[in-house]
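Some notes on the structure that comes next.
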Amino acid sequence: MKGNGNTLAALKRGQKGIISFVDASDPQVQRLMVLGLVEGAEVELAGSALGGDPMEFRLFGCGISLRQEQARHFTVSALEAGG
Amino acid sequence: MAKPAETRVSITDISVRRQPSASIAVVGSPNSGKSTLFNRLTGLRQRIGNYPGVTVERHIGTLKTDDRVVELIDLPGTHGLSAHSYEEQIAIDVLFGRMEGTQPPDAILAVVDATNLYQGLYLVQQLLELERPVVIALTMSDVARARGLDIDTDLLSEHLSGIDICSVVATTGEGINQLRNLLIDLAERPVPGPTSAWPELAAAAHELAESATVPLSIAEIERVLVDGATGANKHVLDCLGPDAATRVEHFRDDLFGLDPPLACEARVRYHWVREVLAEVQQKAPPFYSWRARIGTFLNRPVPGTIGLFLVMAIVFQAVFAWATPVMDLIDSGAAVLGSATSARLGDGAFSSLIADGIIAGVGSVLIFLPQIIILFLFIILLEDSGFLARAAYLMDRAMRAVGLSGQSIIPMISSFACAVPGIMATRVIPNRRDRIATILAAPFMTCSARLPVYALLIAAFVPATKVGFLNLQGLVLFGLYMFGIVGGVLTALLIRKTALRGPKPSFALMLPEFRRPNIQTVLMQLWGRARVFLYRAGTVIFAVAVLVWALAYYPRATDIDPLLTENEVAAAQLEQSWLGRAGKFVEPAFEPLGWDWRVSSAVIAGFPAREVVIAVMGTVYAVGDEADEATLSKRLRAATWPDGRAVFTLPMVIGLLIFYACCLQCAATLAVIRRETGGWRWPAFAWVYMTTIGYVGALLAFQLL
């Protein structure tokens, strides 16, 4: 399994990050980019379902949920530690 | 050009009917408050119809002043002009004037959620390139204000080519009159230019447009540039002149390089949106409200999952408990009407057609209406409050295990009332493979038409003994519900591993904040769905009722022993009717299952609509019209083969229950599968597959138990 590294999948609840790179080769990822998950966007992890997957993110005040494996396509620089 | 079928919901003013001077498309992302605003603007001046050839509903309303009428078309929600689901495709086809039977709109009302300008402005940029007058309605302005979001609409308008922006609150009516005034002459207003987001793309589109043989908006040409010449875009490419393909390729290389074009578009457009937002929108301070608190609480995995199951338990309780009194009322109403009709019209074919065919047949549909209305009411409330999206999110992991995604949970839940609306609810599933797998799993869910069959057989043949603190009858009923769920899940798994093998379904879902549903919108949706159910199922079942009646009535025998009771005469007539003959003809096929010709003919009669089986059994076992279920179950227990063996033994009953749990005996479901999948292939497969499983299951139960 691919590691979470410094991707969206590694954010903790309440933690924010700015997307710095998107691995856009997958059409499903391109669809997420159309929904606003692009480089430069600030994202916060709001919660997750049982087992930590799928995850719910806040993006400019609106909720968007994606699976961990999709979240791994988005590299982020974390802004602050969550708890 | 085919004219779409339309039914008028209401006419408020029939004397002053003028042709609308313009049509305005209402466009917005899902959850932008679009439908609530549409209802607020048009009130009851709406028509609901279908786009020809597709099952997505078309809502058209009118807006008028003293001397003008304009028409509003409420389009399905879409995030942008590249389609990712069936519904989005329809919205885009209408906007581009590609939808048969629908004129391209003259102007556009863009609905943008004030609390979600980020995504809203992505769509607005693309709408400005359609080269039609545009006005923006900023919905949920009250929520935005409460959150401390301060939006400078004048400055925003400057960034959007100077178009009008109107802040509204659809629930209270704030700003609605101002918006009406803007809409009434919108079509005559100047066409705005594109935003400054991506001048290179607009310039390329303009250059290509110069050689176009028909007028094309730059938005259409941009779709060819970004999405490529696929599907409907091919037609646009053909209109761009002889060497268009090479020129488009050249522009694509310049604009996108090696990056995926759609990713490029998202990057560029959202970059522009962020810059605009930084200028026009004050950043909101931390925001606390009861909605946000519930949301935060339910974001935790365990409370969220428990909450979901609790809500579903309440819904099922309501569907079965609240509907019963009304269902009993309809049942006895139909019985009274039926016997009154036969009393008045006397004996004869016509009287029998009205009483046994039409009243009993249509009554058997109407009886499910209360359950369906209650279930729909809950589903609409859950959907409008933002709960269903959350259910899909919470259940995604479990659904993934069977090769589906969380989005399949909503159609599955709906199918417990009726598979027809359940299958229609699959339209939001973007991937076609997932959608078809969900459509094939949906009819396995125990629908309200299976319930009376289960109830009859269980009451008659399963002893009411206690198993621990549980009742055995209740346990068997629960087991049948579980059997349906497992059957559906295994079917989905099987089909995703074989015919519909493909990459794992994606899952991306917008999770709206919890909000209070708007009563008017809920009631209008409820009426729309109830009407569609009554019309569609009603027409099919009506035809079936007449057909089954005719098969059971003709040919008439004249040499029946006059000493027999009325009920025995009816049974003898049935035995030599076409239906009885068919039952005898297929008896050898069903004998290994332990069914005699009577059961077989009832089962055959039930193929178009499974609930018919009870009415037919009532007649076959010679109980007559006044049959209530207690007498029918007594008769079933007394039924024997010619050699005196009982027909309804426990293994045979278990087999019959399994058969009903599986078999796809519902013409309405088959028709809706055909419409939604666009051909007979999948309904035919579903029918053969489910009937085979039912037959084999019943055979194994009878032979092995």
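We did not get these values from a lab; they are worked out from the coordinates using the rules stated. In this text the structure is predicted, and so the values were computed from the model without any measurement. Using ideal geometry, Cβ is built from the backbone for each residue, glycine included, and neighbour counts are taken over all protein chains shown.
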Cα-based convex hull volume of segment B:40-161 per residue, rounded to whole Å³: 139 Å³
Antiparallel versus total DSSP beta bridges in the protein assembly as shown: what percent is that, nearest 5? 70 percent
Under a Gaussian network model of chain A whose springs join Cα atoms within less than 10 Å, the largest fluctuation of A:Arg58, A:Arg72, A:Arg31 belongs to A:Arg31
Simple label model, 7 Å out from Cα along Cβ direction - B:Leu563 to B:Lys584, nm: 2.2 nm
In units of 2.2 N^0.38 Å, what is the alpha-carbon radius of gyration of segment B:376-509? 1.16
How large, in Å, is segment B:78-117 by the Kirkwood hydrodynamic radius built from its alpha-carbon pairs? 11.3 Å
Points 7 angstrom from Cα along the Cβ direction at B:Asp142 and B:Met482: gap in nanometres? 4.7 nm
The protein assembly as shown: projected area of the alpha-carbon convex hull, averaged over directions, in nm²: 38.4 nm²
Given +1 on the Cβ of Lys and Arg, -1 on the Cβ of Asp and Glu, and no further charges, what dipole in debye does segment B:310-430 carry about its Cα centre, rounded to the nearest 20? 420 debye
Rounded to the nearest 0.05, FRET efficiency between B:Tyr689 and A:Ala78 (Cβ-Cβ, R0 60 Å) equals 0.75
Convex hull volume per residue in cubic angstrom - Cα atoms of chain B: 191 Å³
Quick check: the angle from helix B:472-497's long axis to the longest principal axis of chain B, C-alpha only, nearest 10 degrees? 50 degrees
Relative contact order, percent, of chain A when contacts are C-alpha pairs under 8 Å separated by at least 6 residues? 45 percent
Hey, how much of the P(r) for chain A falls beyond 15 Å, as a percent of Cα pairs? 50 percent
Under DSSP loop assignment and at most 13 Cβ neighbours within 10 Å, longest GluC sites (Glu not before Pro)-free interval of chain B: B:101-625
